[in-house]
1. With P(r) over Cα pairs in 5 Å bins from 0, in percent as the read-out, I listed [x] 3, 11, 18, 22, 22, 16, 7, 1; [y] 3, 16, 27, 23, 18, 9, 3, 1, 0; [z] 3, 16, 27, 22, 13, 8, 6, 3, 1; which label goes with the value calculated from this structure?
2. In percent, how large is the relative contact order of segment 2-74, given Cα pairs closer than 8 Å and 6 or more residues apart?
3. When you count, for each residue, the other Cβ atoms within 10 Å and take the mean per peptide, how do 36-44, 12-20 rank with the highest first?
4. When the helix-only estimate is applied to the chain (DSSP H runs of n ≥ 4, each -39,500 (n - 2.57), divided by the residue count), what is the mean residue ellipticity at 222 nm, nearest 500 deg cm²/dmol?
5. Among DSSP bridges having both ends in the chain, what percentage is antiparallel? Round to the nearest 5.
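Every number in this text was worked out from the coordinates using simple rules, so none of it is lab data. Owing to the predicted nature of the structure, the values given are computational and were not obtained by experimental measurement. Note that each Cβ is placed from the backbone with ideal geometry, even for glycine, and that neighbours are counted across all protein chains shown.
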């Protein structure tokens, strides 16, 4: 498991920024850790952006708020 993994973000072959995932497990799954009341749609969108930048297919949002929650995020292969 790797921590704080940076991915470069490109737009039309131009580097426009970087994003940093909390964890990447076995170069297959991005894990984003949160501590909020609930899992917001923006957290899912964040992981989806990380998946597109990394070319990985699966991500998890783990929320350790009042009650533990998780959300699985899958990047579509058709894009």
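1. [y]
2. 27
3. Numbers: 36-44: 12.8, 12-20: 9.0.
Output ranking for 36-44, 12-20: 36-44, 12-20.
4. On the way: 1 runs with 14 residues, N = 79.
Calculated at 222 nm, the ellipticity per residue is -5500 deg cm²/dmol.
5. Details: 18 of 24 bridges.
Of all bridge pairs located within the chain, approximately 75 percent are antiparallel.
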